[in-house]
């Protein structure tokens, strides 16, 4: 083989093995302004979104995440999650069995439930409609409401603390914590499926854009061993089987967040890294992020609208080219 042909082949091989950067950038839209811990960011649409954190702290944006203003809630609990179905109606859950609801975009918040530390933590909340919603407690309880949160009934209980919630409609609901728990009849009956998590890893970010397709980003599950590369798990058959992606480089704890808008398009993120896939997790491309980028949670509505919040309350906004 001629030398110049060998050189060309070597260049092509290197290009094929490299990981090019994907277009689009992340910009800081809210700086750290307090010493509180924040855990969740949620946008109801491309304009209206919230972040929630400790000491009953809630901030809202009405301009797509460009600016943020404080909303008093009247509680001092640690807030863990927020769900909304419109820009005006939203629910927040947290420690001390705290549950809040707004009907006016957060101008006022009603305390639907509150207790003390013995009542546990409401970890996640999800609503399928303006009336039908689900709530997970850190004791493994799954509660359901059909009247917009005025009353709740125990639907299911599993042996794992807390769970991720995905409400597809009034009948189909998934919970992930250790296993994938599913109901297809509004919570009257449940089944469970094992998730094939690789050794030394743990489940972190979970995203189900529809009832068949799910994606899981992983964190370090060793308790101390250094791991710098992490796969992403995906299912296309409602959790019956899971596939591992190629390893993605990251730092620290692992890939803490995942957000998919459909069966093909999604993002996973960890400390100083964001990766985008357009083919359902078969391949990922890296994106530029600010130096201090370390998301507690990330959310995308579509290809052009995405946000992430750090544990310190910094908000990053995705801006497409």
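Observations, loosely collected:
- A count restricted to the stretch 136-151 and to residues that are more than 14 Å from residue 96 (Cα to Cα), part of a strand (DSSP E or B) and either under 21 Å from the mean Cα position of the chain (by Cα) or in contact (Cβ under 8 Å) with a residue 60 or more places away in the chain (or both) stands at 4.
- Subset tally (residues that are assigned to a strand (DSSP E or B), in contact with a strand residue (DSSP E or B) (Cβ under 6 Å, 6 or more places away or on another chain) and closer than 23 Å to residue 303 by Cα) for the stretch 250-275: 14
- Residue within the stretch 178-192 that is on the phi > 0 side of the Ramachandran plot and in contact with a strand residue (DSSP E or B) (Cβ under 7 Å, 6 or more places away or on another chain) present: yes
- Single unsatisfied condition, residue 101 versus (1) within 23 Å of residue 170 (Cβ to Cβ); (2) at pLDDT 95 or above; (3) within 20 Å of the chain's Cα centre (by Cα): (3)
- When the stretch 63-87 is limited to residues that are in a loop (DSSP other than H, G, I, E, B) and in contact (Cβ under 8 Å) with a residue 40 or more places away in the chain, the one that is farthest from residue 132 (Cα to Cα) turns out to be 66.
- Residue check, residue 185 modelled with pLDDT of 95 or more, farther than 15 Å from residue 258 by Cβ and out of contact with any helix residue (DSSP H, G or I) (no Cβ under 8 Å at 6 or more places or on another chain): yes
- Some residue of the stretch 210-223 being farther than 22 Å from residue 160 by Cα, free of Cβ contacts under 8 Å to residues at least 40 places away in the same chain and in a loop (DSSP other than H, G, I, E, B): no
The values are calculated or read from the model by the stated rules, or taken from the named source; none is laboratory data. Every value quoted in this text rests on a predicted model; they were computed, and no experiment measured them. Please note: Cβ atoms are built from the backbone with ideal geometry, for glycine as well, and neighbour counts cover all protein chains shown.
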